[in-house]
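Have a look at the structure below before the remarks.
The values are calculated or read from the model by the stated rules, or taken from the named source; none is laboratory data. Here the structure is a predicted model, which is why all the values come from computation and not from measurement. Here the Cβ positions follow ideal geometry from the backbone for every residue, glycine too, while neighbour counts run over all protein chains shown. Only protein heavy atoms, including side chains, enter the accessible area calculation; ligands, DNA and RNA are left aside. Shrake-Rupley method; radii C 1.70, N 1.55, O 1.52, S 1.80 Å.
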Amino acid sequence: MSYKNYRLKTFEKASLCRNFENEVFKRVNEKIINFPVYLSAGQEYVPSSIAQIVKDKKQKPLIFGQHRGHSIYLSFGGNIVELIDELLGKKTGCTGGMGGSLSINSNKINMFGHEGLMGSNACMGVGACFSSAKPTIVFLGDASVEEDYVLASLSWAAKKELPILFVVEDNNYAVLTEKKDRRDWKAKDVAKAFKLESYDIDDQPKNIFSVLKKNLFKKPIFINVNTKRLFWHSGAGVDEEVKGDRLTLEKKFLGKKAEKIHSNIKKKIENLWKQRLEK
Amino acid sequence: METTLREVIKQITFKHLKKFKGQVFGQNLTGVGWVAGTLPKLYEKDGVIELPMADVANGGMVTGAALVGRRPFYIIRYQGYNWLNCIFIVNYACKSKEIWNKPAPMFIRGLSSEGGLGPVSTSSHISIFYKMPGIKIYSPMTKKEYTNTYRKFMNSDDVFYVSEHRKSYENKIEFKNSIKKNLDIILMPISVTRFEAEKAKNYLNKNGYKVGIIHLYELKPFILKKKWISIIKSSKYGVLMTDNDYVDGIIRTLAHKINEQTNKKVYVLGLKDKSAGYTLETSNFPPSALEIINKIKQIKVKKRL
Ligand SMILES: Cc1ncc(C[n+]2csc(CCOP(=O)(O)OP(=O)(O)O)c2C)c(N)n1
Ligand SMILES: [Mg+2]
């Protein structure tokens, strides 16, 4: 696939995620959803770009996300209606109504659920990858990568040369505590010290594409992707207006075609939510 | 020559690796006595995996192996390390089937040891696993019990915690319950205290007491058999439980369950509520036969008053 085509396909995925999260935002405000919800709006380019590459390579990796997982689920082809139902607490949800927002999973797309201890998915992902020899992706946050057990998992993945990709969605925050107040090291440097091929990039699809196109699942790779969270850590709210939202930039660049895709997806998602709410 | 429990564990492990393509994870496995001689001399190519010195992560990594269906054995060489190792097992592996419809069956071999090993390595620490949902706990001390436990595991998709004791590895005998109506008291010992409880029972029965014994190794789920309930109900003083975990650990929970179903008093003896050192004087040993005997004498005297 040409990069141009890849970029448009990635936009389509990201647009799906954004429109979905905007709908969830509304439902939280309307108090239709009452449990903690972790919105991924603003960060969707990370899973979307990766999912598109994986799709083009015809791979079906094991996926281990953490709490902010809606965009991971949707980017990799998780069933939309089942995610809506899950957020509405229905038995027909992707996790049978047990998953809320934080613990969603999908056996169909090999996405494992998260229990709530940030970064635990790195350990489970490494173990599953080691024991199955299947390609695996672990999504972390810039804070969870600080957990000691995450570091130990990176070390072992490197030692065993696993076909695994670690992705840090670096939004600079642990809830509201900034990275600069938590540590003086870069995740990329620590990963490198463990002998992982590692990168620190921003969430332009071009960058993600270029660091992954060669070695994905051929060896362990670690990418720290700088991105921006639009909404609160948990719940539906806005702290401050974010400049440089990736989706907005990409839409502008891709022009009319993208705008059309975006508005069609928006309608589709709005309708789906309406239908499920009426059920 | 009759085989020991040690040999049986080794054989089961061998079969698990060779026949079922399972895996065995742990630290310092291939060497340092091969886990007190319970592990066959095999290596990574055979499925025996040396884990790094990262106990918290290791519990999670083995959970990952379980999630993809490798039915791993996970060896925790001293139960004191349970504190670090249990985190992702109890919070993920044990819940995975119920929440995500993804079972994570694993067979945890937690080794406990006697006293004299300081604040952490001494004795048994299964109480921290006990309260969590989704786990099964056994403490086999004999060959039959161990084989049964493994068989149950292979027919199940749950997480099994198998609380072993180093002192039992040389054991060749099977224990028998001794129960009849109208006993003075019934001993219900767990783990290594079963050996001492047997001695205490034999001594007391030779000295004018009527003491029965019910050996416990299926700890969670804990099922009190109907027959046991009626025997306990008909006893004079109730039950004395013994364990090599702390006295405020699972033994109190089990005692309460027995009490609820029998309305009889259930006494407990376990590790004392104090930190352990390394010497005879400072360590924290599980109840000895003598301590059990004294406790029963004391119960009898008190009741007479
Ligand atoms: C072990 C553990 N400690 C603390 C928390 C509380 N907590 C939940 S999310 C979070 C911040 C996570 O930040 P990051 O990993 O960067 O992900 P983000 O929320 O930014 O997507 C914290 C501290 C937790 N869930 N688990
Ligand atoms: Mg963050």
Grab the beta carbon distance between B:E98 and A:Q59, set R0 = 35 Å, and tell me the FRET efficiency rounded to 0.05. 0.75
Distance in nm between pseudo-label sites at A:M1 and A:K192 (7 Å out along the Cβ direction from Cα): 3.0 nm
Taking the DSSP beta bridges in chain A as the whole, what percent of them are antiparallel, to the nearest 5? 10 percent
Extension gain (nm, one decimal) between A:N29 and A:K252, 0.36 nm per residue minus Cα-Cα: 77.4 nm
Near-label residues of the stretch B:93-124 by backbone N, under 19 Å of a point 7 Å along Cα→Cβ of B:E291: B:112-124
The extension gain from A:N107 to A:S210, computed as 0.36 nm times the residue separation minus the Cα-Cα distance, is 34.1 nm
Check which residues have an amide H placed less than 5 Å from A:N224's amide H, if you skip close sequence neighbours. A:V168, A:Y199, A:D200, A:I201
A student applying the Cα gyration tensor rule (rounded when a/c is under 1.5; otherwise prolate if a/b is larger than b/c, oblate if not) would label the stretch B:180-236 oblate
Which ³J(HN,Hα) values, rounded to whole Hz and listed in residue order, are derived for the stretch B:39-53 from phi using the Karplus coefficients 6.51, -1.76 and 1.60 in 6.51 cos²θ - 1.76 cosθ + 1.60 with θ = phi - 60°, glycine and proline given as x? 10, x, 6, 10, 10, 4, 5, 8, x, 9, 10, 6, 8, x, 7
Dipole moment magnitude, nearest 20 debye, the stretch A:3-278 about Cα centre, only Lys, Arg, Asp, Glu C-beta charged: 1340 debye
Taking the Cα-to-Cβ direction at B:W83 and at B:Q298 and moving 7 Å from each Cα, how far apart do the two end points lie in nm? 2.7 nm
For chain B: rounded, prolate or oblate by the Cα gyration tensor [a/c cutoff 1.5]: prolate
Averaging over every viewing direction, what projected area does the convex hull of the Cα atoms of the protein assembly as shown cover, in nm²? 31.2 nm²
A correct Karplus calculation of ³J(HN,Hα) over the stretch A:117-127, with 6.51 cos²θ - 1.76 cosθ + 1.60, θ = phi - 60°, whole Hz and x for Gly and Pro, returns 8, 4, x, 4, 4, 5, 5, 4, x, 5, x
Could you please report the charge total around A:L247, scoring K, R as +1 and D, E as -1 over all other residues with beta-carbon less than 9 angstrom from its beta-carbon? 0
Hey, can you rank B:223-236, A:171-184 by average C-beta count inside 10 Å, highest first? B:223-236, A:171-184
Ignore the peptide's own chain and count Cβ atoms of other chains within 10 Å of each Cβ in B:22-31; give me the average, rounded. 1
Non-local amide H neighbours of B:L269 (under 5 Å, H modeled in plane, Pro and chain starts lacking H): which ones? B:M241, B:T242, B:D243
Using just the helices of the protein assembly as shown, give the 222 nm mean residue ellipticity in deg cm²/dmol: DSSP H runs with n ≥ 4 each add -39,500 (n - 2.57), and the total is spread over all residues, rounded to 500. -12500 deg cm²/dmol
Given an 8 Å cut-off on Cα distances and at least 6 residues of separation, report the relative contact order of chain B as a percent. 16 percent
Is there a simple number for the mean count of other chain Cβ atoms within 10 Å of the Cβ of residues in A:46-52, and what is it? 0
Determine the percent antiparallel among the DSSP beta bridges restricted to chain B, to the nearest 5. 10 percent
Spacing of the two label points (7 Å from each Cα toward its C-beta) at A:N264 and A:D239, in nm: 3.7 nm
Inter-chain Cβ neighbour average for residues B:98-105, partner chain, 10 Å: 5
If you take every DSSP beta bridge whose two residues both sit in the protein assembly as shown, what share of them, in percent to the nearest 5, is antiparallel? 10 percent
Could you tell me the accessible area of B:T253 in Å² (1.4 Å probe, neighbours in place), rounded to the nearest ten? 60 Å²
Given all pairs of different Cα atoms, what value in angstroms does the Kirkwood hydrodynamic radius of chain A take? 18.7 Å
Could you grab the relative contact order for chain A? Cα pairs under 8 Å, six or more apart, rounded to a whole percent. 23 percent
The stretch B:5-170 shape via C-alpha gyration tensor axes, a/c threshold 1.5: rounded
Mind listing the phi-derived Karplus ³J(HN,Hα) values for the stretch A:93-108, rounded to whole Hz, using 6.51, -1.76 and 1.60 with θ = phi - 60°, and x for any glycine or proline? x, 4, 10, x, x, 9, x, x, 9, 6, 10, 5, 8, 8, 5, 5
For the stretch B:185-304, one quarter of the surface area of the C-alpha convex hull, expressed in nm², comes to 7.6 nm²
Probe 1.4 Å, protein heavy atoms only: A and B together bury a total accessible area in Å², to the nearest 100, of 2100 Å²
Under the rule of at least 5 residues apart or a separate chain, name every residue whose amide H is placed under 5 Å from the amide H of B:I49. B:V24, B:F25, B:G26
